[in-house]
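A short worksheet on the structure shown next.
The values are calculated or read from the model by the stated rules, or taken from the named source; none is laboratory data. Just so you know, these numbers come straight off a predicted model, no measurement behind them. Positions of Cβ are generated from backbone atoms using ideal geometry, with glycine treated the same way; all protein chains shown enter the neighbour counts.
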Amino acid sequence: MKPNIGISKKHLEAVAELLSIVLANEVTLYTKTRKFHWNVKGESFMELHKLFQAQYTKLEEAIDEVAERISKLGSNAIGTQEEFKKLTFIKEHPGKYPPSKEMMLELLEDHEAVIIELRKLVANCAEKFADAGSADFLTGLMKDHETIAWTLRRYSN
């Protein structure tokens, strides 16, 4: 049964498509952060190992929340690596294991790119699709990415 929540079917489907891109980015960023957690080395190993763990744990929660939001809007959440790869703009670098400083800078750039995209999606959800719930949800997600970016920026100075 499709939701009857005051948003047209067309708009519900459009928002679900936007959220699928968000989901793909969250999963890709989660995987990258986990890779860095596993492979960080150097003087600050334990501190960064724990930092990356806290970040991928936060991303894991976001992944579930995004998928559930898609479901609440009456669509199915994507769930394969192939689907994620088609929709994400986060770049992966197979076989590359940068030094910890580069790991942090790369994650910072990714989170900032996600923040920029989320700002656009918040406006689209609110103004174009009349979906205040998704706009609010994405605003919260954006704030979480801003916190992670702020933390990474502090390490990078």
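The test for being within 15 Å of the chain's Cα centre (by Cα) and hydroxyl-bearing (S, T, Y) does not hold for T80. Only a single item in (1) under 22 Å from A135 (Cα atoms); (2) surrounded by fewer than 21 Cβ atoms within 10 Å (Cβ to Cβ) is not met by A24, and it is number (2).
For the range 54-88, filtered to residues that are small (G, A, S) and under 22 Å from M1 (Cβ atoms), the residue that is surrounded by the most Cβ atoms within 10 Å (Cβ to Cβ) is A67.
Under 6 Å between Cβ atoms, at least 6 apart or on separate chains: pull out the pairs that start in the range 31-51 with a residue that is farther than 20 Å from G95 by Cβ and end on any residue that is of a type in the set (A, V, I, L, M) and surrounded by 17 or more Cβ atoms within 10 Å (Cβ to Cβ). Within 6 Å, the pairs are L48/V40; H49/V40.
Whenever a residue of the range 76-91 is of a type outside the set (D, E) and modelled with pLDDT of 95 or more, its partners that are surrounded by 11 or more Cβ atoms within 10 Å (Cβ to Cβ) and assigned to a loop (DSSP other than H, G, I, E, B), lying with C-beta atoms within less than 7 angstrom and at least six residues away or across chains, give the pairs F84/I78. Taking the criterion of being touching a residue at least 40 places away in the same chain (Cβ under 8 Å), surrounded by 13 or more Cβ atoms within 10 Å (Cβ to Cβ), under 14 Å from L59 (Cα atoms) and touching a helix residue (DSSP H, G or I) at 6+ places or on another chain (Cβ under 7 Å), would at least one residue in the range 124-143 satisfy it? Checked against the condition, which is being touching a residue at least 40 places away in the same chain (Cβ under 8 Å), surrounded by 13 or more Cβ atoms within 10 Å (Cβ to Cβ), under 14 Å from L59 (Cα atoms) and touching a helix residue (DSSP H, G or I) at 6+ places or on another chain (Cβ under 7 Å), the range 124-143 yields at least one hit.
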